[in-house]
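The values are calculated or read from the model by the stated rules, or taken from the named source; none is laboratory data. Please read all numbers here as calculations on a predicted model, not as lab measurements. Quick reminder, even Gly has a Cβ in these numbers, built from the backbone with ideal geometry, and neighbours come from all protein chains shown.
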Amino acid sequence: MNWFDALRAEDPEIFGAIKNELQRRREGLELIPSENHVSVAVMQAMGSVLNDKYSEGYPGHRYYGGTKYIDDVERTAIERAKELFGVPHANVQGYSGSPANLAVYFAVCNVGDVIMGQNLTDGGHLTHGWKTSITGKIFKSVSYHTKPDGYIDIDEVRKLAEENHPKLIWVGATAYTREFPFEELGDIADSAGAFLAADISHIAGLIVGGVHKSPVNYAHIITSTTHKTLRGPRGALIMVTEKGLKKDPELDSKIDKVVFPGLQGGPHEHTIAGIAVALLEDSKPEFKEYAAQVVKNAKALADELNRRGIKLVTGGTDNHMLLADFSSVSPGFGQFAEEALDRANITVNKNTIPGEPSSPFYPSGIRLGTPSVTTRGMKEGEMKAIGGFIAEAVQEIKGYKLPGKAERPAYIKKFREEILQNEKLEEVKNGVMQLCARFPLYPELSM
Ligand code: DSN
């Protein structure tokens, strides 16, 4: 039986949407740094009978019968995570990164405690205490920032920690292109008596691949999503380090109790199976080569964008990600750049830049990343071509400027109509499609 036969017959509407998405991914460049293309083996583990099973609890201690094989799956995922990251404890049940981070808060803080994290518009994540996240409402959140050069302001972190006595400090971000100063943050947390939680969601695959420093000796807790550079399903890991157990010998069981029964019910064992498969793939020598190539590709893309006059926050990258700063073109230009690139089959996301002069919804930057195109097999030569496509597309729309709120809907509508008619963007799209055709995606899947 063909993998999709049953779905095609049963639900042509959803089958059609999946087919369209597969085609979109095949014919376009996915440059969102938090995305990737998982293996077919990972997809098969997720699309399995494990979906049907309830298994509240943990391996060997379940509230449901029939969990013998579920226990095998979850134990395997746990052991692989512990081995890969060099930690004594791993919880693999978090539904995704945000609930995993919430579990960390409730394991080590009480409502109202002071917490610290990187400011959202300086690249930090919503769940590290941003004002619109529950984490910024129920804890007293103190944000640290990046310096004008785009690097984390360590002196400010130290000063804020001395003044505010946080219970928990986050290191890790969603839009930061340089190596994280885990060691310095570890020292600051120790001096403040705080827990240090490293959220390595973006860079976990680079750490496993040996091309980014690991926080394992400096942080007490490590969280990560599993679907970014780790190239697994959408899920999360929460890990406790030796340092964490030294600070609180019950930290492992506190984390587990907050995840279940504190925050979640039945774990998604089909996802956990997919995570286990991804972690096995991540442990192979080929994955080290992949991670190294992700970084080489990001640096090559940065070089080409710099050469073409596109300004990058910090001037370049140490990891898989780049942040283009269009504030000097016009504040809020990220919206236009995202849409024009989308028109040319290049998927990116608009993003705030440090010192954002516009707003998170109409930000002045775009975020780019190389994990997905590297999975397709692209190398430095292709990055140079992609940098050229991006520069050409952006050049076409440089005259657009975000107007005041009242004029925005009509202005953006007109912009959308005009980019549809734009011949240069059509030409860039054709170039992108030709490049993509040389790097077939999921040739084994026919729909
Ligand atoms: N902010 C998401 C990203 O990095 O795309 C993760 O939550």
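The numbered conditions (1) over 21 Å from T223 (Cβ atoms); (2) within 16 Å of the ligand (Cβ to nearest atom) are all true for G97 except (1). Restricting the first member to region 122-139 and to residues that are over 25 Å from L322 (Cβ atoms) and touching a residue at least 40 places away in the same chain (Cβ under 8 Å), and the second to residues that are more than 14 Å from the ligand (Cβ to nearest atom) and of a type in the set (A, V, I, L, M), the beta-carbon pairs closer than 6 Å and six or more apart or on different chains are G129/I115. Based on this model, can you work out whether R158 counts as of a type in the set (K, R), at pLDDT 95 or above and in contact with a Gly (Cβ under 7 Å, 6 or more places away or on another chain)? No: the conditions fail for R158. A count restricted to region 352-369 and to residues that are within 14 Å of the ligand (Cβ to nearest atom) and at pLDDT 95 or above stands at 6. Of the strands (runs of 3 or more DSSP E) contained entirely in region 293-402, those carrying at least 1 residues that are among the polar types (S, T, N, Q) fall at 349-351. Between A103, A81, the distinction of being under 15 Å from I238 (Cβ atoms), more than 16 Å from the ligand (Cβ to nearest atom), surrounded by 20 or more Cβ atoms within 10 Å (Cβ to Cβ) and at pLDDT 95 or above belongs to A81 only.
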